[in-house]
Amino acid sequence: MEKGEQSLEQIGRFWRKFLINSNRSETTQYIDVFHFELTEKLANELLQLVLIGQKKATASSLLAYEIQGTRVPEVGDLSIVTDWDGNPRCVIETTAVSIIPFSDVTYDICNREGEDDTLESWQEGHRRFYTNEGRMLGYEFSEDMPVVFEDFKVVYPG
């Protein structure tokens, strides 16, 4: 069995366990399977923050959704969060979504991500992320770039 096939099978088993443990219909679907960030170290660190309940939101570039042809998350969406290696670790449910310019993100908003102690450190880290992601996907970061701010809760810790 190829690694990709093994990962799909592992995701399928994880999802079936979630459906059984949460008494949800077998027709319930997840919207996305993903890990946070662009490096192994940060992906796994942010996952840990989610698992301990500190990270309750994430911020994405609206341009990334548009370029990749994927829809913006909606309240009630379920997603599987993995570690860097693709191992499923939890299921999250989207509880709120707002789209705001990067420059309008306040400390009260970014604090829900649970990653930074100041607005400035959040801005610095996200400027770097969006610049790197933009190079990979073909968009350019700007201070007025629309950010999809998604609040979530862990509904299955795996």
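Each reported figure results from applying straightforward, stated rules to the coordinates on display, with no laboratory input. Values in this document were obtained by computation on a predicted structure and should not be read as measured data. As a convention, Cβ positions derive from the backbone with ideal geometry for all residues, glycine included, and neighbour counts pool all protein chains shown.
Miscellaneous remarks
- For Rg/Rh (Cα atoms, Kirkwood Rh), calculated from these coordinates, the label among (1) 0.97; (2) 0.94; (3) 0.99: (1)
- Mean projected area in nm² (Cα convex hull; one quarter of hull surface) for region 1-76: 7.0
- At R0 = 22 Å, FRET efficiency that the Cβ-Cβ distance of Glu66 and Ile20 yields, to 0.05: 0.05
- Environment charge of Pro73, counting only residues whose C-beta is closer than 15 Å and scoring Lys/Arg +1, Asp/Glu -1: -4
- Using the Cβ-Cβ distance between Thr28 and Leu119 with R0 set to 35 Å, the FRET efficiency works out to roughly 0.40.
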